[in-house]
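Right, one structure below, let's go through it.
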Amino acid sequence: MQSAEMVKANMRGIRMMAGIKEKVTYHSGRHSFASLITLEEGVPIETISRMLGHGNIKTTQIYARVTPKKLFEDMDKLIEGTKDFKLIL
């Protein structure tokens, strides 16, 4: 079995084991990997870019979208990290 066929077969198996009814494509898998598995878990975008084999980080930014969960977690970190700041006018 060629590698592209193997990837498709593996993705079908994963989809079935996960109980996903919708079609899962290689492309959607890359988006999920970039956004949910890596970026959302704190992996730097530069590292994700290398993992996906991109020569340009702008390509990675298309795949790796900031999810609401990631946004709220980062905002919480910012609030925690700046709680001792004093505003002096």
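The values are calculated or read from the model by the stated rules, or taken from the named source; none is laboratory data. None of the values given here were measured: they were computed from a predicted structure. Here the Cβ is made from the backbone with ideal geometry for all residues, glycine too, and neighbour counts use every protein chain on show. The accessibility values were calculated without ligands, DNA or RNA, using every heavy atom of the protein model including side chains. Shrake-Rupley method; radii C 1.70, N 1.55, O 1.52, S 1.80 Å.
One table, with the values for the structure above:
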read-out	value
Rg to Rh quotient for the chain, alpha carbon positions, Kirkwood Rh	1.16
Derived scalar couplings ³J(HN,Hα) [the range 73-78; Karplus, 6.51 cos²θ - 1.76 cosθ + 1.60; whole Hz; x for Gly, Pro]	4, 5, 5, 4, 5, 5
Contour excess over end-to-end distance, with Cα ends at GLN2 and THR59 and 0.36 nm allotted per residue	17.9 nm
Carbon + sulfur, % of accessible area of the chain - ligands and nucleic acids excluded, 1.4 Å	62
Nitroxide proxy distance, nm - points 7 Å out along Cα→Cβ at PHE33 and ILE20	1.2
Accessible area (Å², per residue) of the chain, counting only protein heavy atoms and a probe of 1.4 Å	82
